[in-house]
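Working notes, structure below.
Throughout, read-outs are computed from the coordinates displayed, never taken from laboratory work. Quick caveat: nothing in here was measured; it's all calculated off a predicted structure. Here Cβ is always computed from backbone atoms with ideal geometry, including for glycine, and neighbour counts include all displayed protein chains.
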Amino acid sequence: MTSRVLGLVRDIVLASVLGAGGAMDAFVVAQKIPNFFRRLFAEGAFSQAFIPVLSEYREKGSHAAVKELVDKVAGCLGSILVLVTLVGVIGAAGVSLVFAPGYLAEPAKFDLLTDLVRITFPYLMLISLTGFAGAILNSYDRFAIPAITPVFLNVFMIAGALLVSDFFPSPAHALAWSIVAAGIFSLLFQLPFLRQIHLLPSPKLDWSHPGVKRILVLMGPALFGVSVSQLNLLLDTIIATKLGDKAASWLFYSDRLVELPLGVFGVAIATVIMPGLSRLSAAQSGEKFSQMLDWAIRFVVLIALPATLALIILAEPILYTLFYHGKMKLADILMSSYSLKAYALGLFAFMLIKVLVPGYFARQDMKAPVRIGIIAIIANIVMKPLVVIPLVILWGLGHVGLAFTTAMAAYVNAYLLYRGLRRQQIYIPASNWPKLWLRYGAANLALVAVLLGFLSVWNLWAEWSVIERVLRLAVVCVVGLAAYLAALVAVGVRLRDFKAHH
């Protein structure tokens, strides 16, 4: 939560310092590239392949065997990351061309992007190794340290934008260097905690170690399975560079707001259930495995539905309150609000994917999510021209089409993941789901009524001062949340219903 709230502060600073267009477009794309690879290597595929194998070694082997696995994985992962980083830094112009072909027509923007890619690419290696350290700590149920680590990135970026940007050619350069500094600090921060559990790696290169081989075999398909939504968002960025100035910036601001609930709750639930599901799978406890998945899905429904509705209804007030100052223009807020509503439609599916994928990976089934992921990407690619081209021609809202098709592709992905777990009887929903849907539905209707009531009275967001906007939005959010919680209690939902099954 701290990390995401600080991330929001960072985005407010970015809006103020860079606004939308030009340097912001270049910075958004430059930052996405190492982040995209990081999610492939670190948070996504790697940890999904590494945690089940590590859990098995821990369950069935000695501490020495676990330490040997960690050392060998550190050596192999490290060598891959060094290689990828070198290729990225040396071939920065080529990387920029692949990820932002639309900027070739604007030499100044393209050159700035290439510069920023060259500076930020080493962050990939640093943060992937940080993710490796975090995966070990998570496997030993030490969740707090890996969870607090992303805070440093936001702190360094805010400091970079506000304190040291005068010492660099542009604020974008200062931000790029602050990302690298954050990567170094994040990695060093975790090492003492690995020493505490006697698992500080001494990297050794050994591709023939059985554990390393298993991780590589699992990681190949997982690369694809986890990163489907990443690839879809990346596809949006690449196409956005073709949609003219500012489209990448508008998508960035709306994507960040959808990432807030997704990052706070979706990622948190997925992080916590992955080691638990891996242990239940290793212990062959099918019924408890299904109960843990059911618990996670209940949590997603409880949080994702009201978050989706609130983001759609409050899109303009939220964007005005957070970003309408400094270099941000009124038109930028309106354009971002359209894509925010479109992305928000997919929030429920994005969160479901986060908790359904571990249901496969914990059982070391990597192929099914990949197959499903490929279908979702194809669906996305097929939908893009059908939705984006008419929106560009009719209203110049191509970026909204990109967000909408990404949201719809997430539903294809989530539905197929769910269907697969049900068909194999791995997940058997609890018998009280029809009753739960009615209860959640009633509580969400209460929330919608309250939010629409407020907006019918308070509708001059662009004209109010920042303080007025902040206070009014805070009132709307607090009263909306209170109405939702009160309605849940009124229809019979209790806290004890969410007690995890051990």
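All other residues whose Cβ lies under 15 angstrom from that of S79 are scored, Lys and Arg at +1 and Asp and Glu at -1, for a net of 0. Taking Cβ atoms as reference points and 12 Å as the exclusive limit, the residues near I197 contribute a net charge of +3, counting Lys and Arg as +1 and Asp and Glu as -1. Counted over region 1-224 with a bin width of 10 Å, the fraction of Cα pairs per bin, in whole percents, is 8, 32, 32, 19, 8, 1. Testing the spin-label approximation: label points 7 Å from Cα along Cα→Cβ at A430 and L86. State their distance in nm. In this crude spin-label approximation the distance works out to 5.4 nm.
From helices alone, the chain scores -26500 deg cm²/dmol at 222 nm; the rule is -39500 (n - 2.57) for each run of n ≥ 4 DSSP H residues, then divide by the residue total. Using only alpha-carbon positions in region 368-470, the gyration tensor eigenvalues give semi-axes of 34, 27, 11 Å once each is multiplied by 5 and square-rooted (largest first).
The charge dipole of the chain, taken about its Cα centre with unit charges on the Cβ of Lys, Arg, Asp and Glu (plus for the first two, minus for the last two), comes to roughly 1340 debye. Legend: ranking of residues E56, E468 from fewest to most surrounding C-beta atoms inside 10 Å; resulting order E468, E56. Using 0.36 nm per residue and subtracting the Cα-Cα separation, the extra length available between L163 and L455 on full extension is 101.4 nm. Mean projected area of the convex hull spanned by the Cα atoms of region 235-339, taken over all viewing directions: 8.5 nm².
Here's the picture: charge each Lys and Arg Cβ at +1 and each Asp and Glu Cβ at -1 in the chain, and of A368, I145, V29 the one pushed furthest to the positive end of that dipole is A368. The stretch between R419 and S16 holds 140.6 nm of extra length on full extension. This uses 0.36 nm per residue minus the Cα-Cα distance. For K204, the lysines whose Cα comes closer than 20 Å to its Cα, not counting residues fewer than 8 places off in the same chain, are K67, K72, K213. Could you tally the net charge around L305, taking each other residue with its Cβ under 12 Å from the Cβ of L305, Lys/Arg +1 and Asp/Glu -1? Once all neighbours under 12 Å are counted, the net charge is +2. For the pair L97 and L445, the difference between a 0.36 nm per residue extended length and the Cα-Cα distance amounts to 120.6 nm. In region 421-477, the C-alpha radius of gyration followed by the widest Cα-Cα span (Dmax) gives 19.4, 56 angstrom. For region 227-430, the normalised intensity computed at q = 0.10, 0.12, 0.13, 0.19 Å⁻¹ comes to -0.45, -0.63, -0.72, -1.26 (log10 of I(q)/I(0), Debye sum over alpha carbons, equal scatterers, no solvent).
Based on the Cα gyration tensor of the chain, what are the three equivalent ellipsoid semi-axes, each the root of five times an eigenvalue, rounded to whole Å and given largest first? Mind showing how you got there, number by number?
Working: eigenvalues 232, 188, 89 Å².
The equivalent ellipsoid of the chain has semi-axes of 34, 31, 21 Å.
For each pair in K32/K327; K327/K384; K242/K367; K32/K341; K60/K354; K32/K384, compute the distance between the two Cα atoms and list the pairs where it is over 25 Å.
Numbers: K32/K327 22 Å; K327/K384 31 Å; K242/K367 34 Å; K32/K341 22 Å; K60/K354 28 Å; K32/K384 20 Å.
With Cα atoms farther than 25 Å apart: K327/K384; K242/K367; K60/K354.
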